[in-house]
Amino acid sequence: MTYEEFLDEVTTLIVEKYDLDDEAAIKIVVDAQERGYFIAHDDHKSMRTLDRAHEDARALFKTSSKK
């Protein structure tokens, strides 16, 4: 999937798995982008898989819920 599709998938998974609204999930993903979390994903297409999207959604949600 493209980088943009991957980010959309991570956002959707956060909404679905953690019962957040779209705005909150988007903020989590945008904040992660700003911290450089997704740089490697952009550089390496092999990282943009559905399994990885599930892992990233879980990791980003855990990180955001600790704040």
**Request:** Once you have the Cα-Cα distance between residue 17 and residue 42, take 0.36 nm times their residue separation minus that, and quote the gain in nm to one decimal.
**Result:** 6.6 nm
**Message:** Just to check I understand the Karplus step: with θ = phi - 60° and J = 6.51 cos²θ - 1.76 cosθ + 1.60, what whole-Hz values come out for the stretch 40-54, glycine and proline as x?
**Reply:** 5, 5, 5, 7, 10, 4, 5, 7, 8, 10, 5, 4, 5, 4, 5
**Item:** Under the Karplus curve 6.51 cos²θ - 1.76 cosθ + 1.60, θ = phi - 60°, whole-Hz ³J(HN,Hα) for the stretch 5-20, x wherever Gly or Pro sits
**Value:** 4, 5, 4, 4, 5, 4, 4, 4, 5, 4, 4, 6, 7, 10, 6, 9
**Request:** Go ahead and estimate [θ] at 222 nm for the chain from helices alone: -39,500 (n - 2.57) per DSSP H run with n ≥ 4, summed, over the residue count, rounded to 500.
**Result:** -23500 deg cm²/dmol
**Item:** Cα→Cβ-extended label distance, 7 Å offset, between residue 35 and residue 62, nm
**Value:** 1.3
**Prompt:** Relative to the first principal axis of the alpha-carbon coordinates of the chain, what is the inclination of helix 22-34, with its axis defined by its Cα atoms, in degrees from 0 to 90 and to the nearest 10?
**Reply:** 50
**Cα centre as origin, Lys/Arg/Asp/Glu Cβ charges: the chain dipole, Debye** = 420
**Prompt:** What order do 66, 27 take when sorted by accessible area (1.4 Å probe), most exposed first?
**Reply:** 66, 27
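The values are calculated or read from the model by the stated rules, or taken from the named source; none is laboratory data. Here the structure is a predicted model, which means the values were calculated and not measured. Reconstructed Cβ throughout: ideal geometry from the backbone, glycine too, with neighbour counts over all protein chains shown. Side chains are part of the model used for accessible areas, which takes the heavy atoms of the whole protein and leaves out ligands, DNA and RNA. Shrake-Rupley method; radii C 1.70, N 1.55, O 1.52, S 1.80 Å.
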